[in-house]
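See structure below.
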Amino acid sequence: MRRLLPDPVDPLTVAEAYGVHRPRPTHRPWVGVCMVAGLDGSTVVDDSSRALSSPTDTEVLIGLRALADVIVVGASTVRIEGYGPPSKAGQTIGVVTRTGEGLDFTAPLFTSGAGFVVCPTSAPELPVPTVRAGRHEVDLAAALAQLDVGFVQAEGGSMLNGALATADLVDELNLTISPVISGGDGPRLTAGAPSLLRRMDLAHVCEDDGFLFTRYVRRSG
């Protein structure tokens, strides 16, 4: 990997690129979104992001996970991508769902004790730890406020990203731009969000094998 902006550096490790200070906002953790998208905007190919990724993109994902205290991810992404227990000791993974239906609570993610569910108060009793916020829909701001940690990484899918953007909870966007045109009708980065403008500041651009690794942070003030 090499950094193009702000100061060119070649080579550069993932740890050097992403191991930066993340100030915890008042009343909730710092929230970073990590995603990959093709040149035409799709975040999936055949319902998965794997075809858009690269070895360095995987390194970035793993490197950011090593920095995060908690990972949050949508229930459908957990099923499609086959999430298991995190490799970082003490890290937990919150699965966002309205009802808990379709989740396999016998899977290693949950039997390991690392998985918990983020759901509204209307969801039924579940056999794993839960963070409940909102009556019929998850109130993400209230849910995140219950997590006494510094850095939460959100890993999609696009509906979860859209909900975070709608609630103005995205402090950081780590977006890999894959050098492919994938076609299809795959979702954009923030599916389901209403029209909105959230200005972000460009923190860095790195490159490897034609992939661009961008990092944007919330504009202060």
(request) Among the residues of the range 44-89, count how many are crowded, with 17+ Cβ neighbours inside 10 Å, out of contact with any helix residue (DSSP H, G or I) (no Cβ under 9 Å at 6 or more places or on another chain) and within 18 Å of residue 13 (Cα to Cα). (result) 5
(request) Would you point out which residue out of 164, 147, 189 is surrounded by 16 or more Cβ atoms within 10 Å (Cβ to Cβ), of a type outside the set (Ser, Thr, Tyr), at pLDDT 95 or above and within 15 Å of the chain's Cα centre (by Cα)? (result) 164
(message) Being more than 18 Å from residue 80 (Cα to Cα) and charged (D, E, K, R) narrows it down to one residue among 50, 22; which is it?
(response) 22
(message) Give all pairs with beta carbons closer than 7 Å in which a residue from the range 78-91 that is more than 17 Å from residue 152 (Cα to Cα) meets a residue that is of a type in the set (Asp, Glu); count only pairs at least 6 apart in sequence or on separate chains.
(response) 80/47
(request) Could you run through the range 54-84 and say how many residues are farther than 25 Å from residue 118 by Cβ and either in contact with a Ser or Thr (Cβ under 9 Å, 6 or more places away or on another chain) or of a type in the set (Asp, Glu) (or both)? (result) 4
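Tell me, please, whether a residue that is of a type in the set (Val, Ile, Thr) and in contact with a Leu (Cβ under 9 Å, 6 or more places away or on another chain) can be found in the range 47-58.
Looking for residues that are of a type in the set (Val, Ile, Thr) and in contact with a Leu (Cβ under 9 Å, 6 or more places away or on another chain), one finds none in the range 47-58, hence no.
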(request) Filter the range 192-221 down to residues that are at pLDDT 95 or above, loosely packed, with under 13 Cβ neighbours inside 10 Å and aliphatic (A, V, I, L, M), then give me how many there are. (result) 1
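The values are calculated or read from the model by the stated rules, or taken from the named source; none is laboratory data. These numbers were taken from a predicted model, which means no experiment stands behind them. No Cβ is skipped: glycine too gets one built from the backbone with ideal geometry, and neighbour counts run over all protein chains shown.
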